[in-house]
Amino acid sequence: MSQKVSKQERDDLIVGILETVNTIALVGASAKAERPSHKVMAFLLDQNYTVIPVNPGQAGDKILGQPVYATLDDIPGPFDRVDIFRPSADAAHVVDDAIRLAPDKGIDVVWMQIGVTNDAAKGRAEAEGLVVVQNRCPKQDFERLFAD
């Protein structure tokens, strides 16, 4: 039986992530300005996060001035969070990669965007000590929680 988390506890968790996680691998990044992943990436860059786009079809190119990598494995340096803009079924593979890479890359958080949920993958990641957020948008949460 899952434990119910209050809205305040969830907001506190989200604030903690947004305040402490600085380097984000964004899986499913798009160069198309109309795509949600592009808009969120632009917003995060504007908030002074380091964002590393991951998209195998655009590897070697740049999105919003940032070099694109084909996979999480290809990113040369550390990153704190994996942000997933992929269908829920595909999220399992991304989460498994994040779990595998966490000790070497310093990954603490897996964030699945609005519409992306995978409870089995979430359970595996949490069992390995990662914090997992599902079906939420960091841009929306940032704007809501840090509104002036």
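A few notes on this one:
- Sparsely packed GluC sites (Glu not before Pro) within the range 1-76, loop by DSSP, other Cβ within 10 Å at most 10: 34
- Annotation: amide H-H contacts under 5 Å for residue 137 (H modelled 1.01 Å from N, sequence separation of 5 or more, or interchain): 114.
- Relative contact order of the range 31-115, defined on C-alpha pairs under 8 angstrom at six or more residues apart (%): 22
- Summary value for the chain: 20 percent relative contact order, contacts being C-alpha pairs under 8 angstrom separated by 6+ residues.
- Solvent-accessible surface of the range 38-86, taken per residue with a 1.4 Å probe and all protein chains present: 45 Å².
- Around the amide H of residue 51, modelled in the peptide plane, lie the amide H atoms of 24, all under 5 Å away and 5 or more residues distant in sequence or on another chain.
- Close amide-amide hydrogen proximity is noted between residue 111 and 82, 83, 84, 133, each under 5 Å apart and 5 or more residues distant or on a separate chain (H modeled in the peptide plane; Pro and chain starts excluded).
- Computed with a 1.4 Å probe on the full set of protein chains, the accessible area for residue 50 sits at about 70 Å².
- Dividing the mean sequence gap of close Cα pairs (under 8 Å, 6+ apart) by how many residues the range 20-79 holds gives a relative contact order of 33 percent.
- For the chain, the fraction of 1.4 Å probe accessible surface lying on carbon and sulfur atoms is 49 percent.
- For the chain: rounded, prolate or oblate by the Cα gyration tensor [a/c cutoff 1.5]: oblate
- DSSP-assigned coil residues among trypsin sites (Lys or Arg not before Pro) in the range 1-78, each with at most 11 further Cβ atoms within 10 Å: 4, 32
The values are calculated or read from the model by the stated rules, or taken from the named source; none is laboratory data. Values in this document were obtained by computation on a predicted structure and should not be read as measured data. FYI the Cβ positions are ideal-geometry reconstructions off the backbone, even for glycines, and counts take in every protein chain you see. Remember, those area values only see protein heavy atoms, side chains included, never the ligands or the DNA or RNA. Shrake-Rupley method; radii C 1.70, N 1.55, O 1.52, S 1.80 Å.
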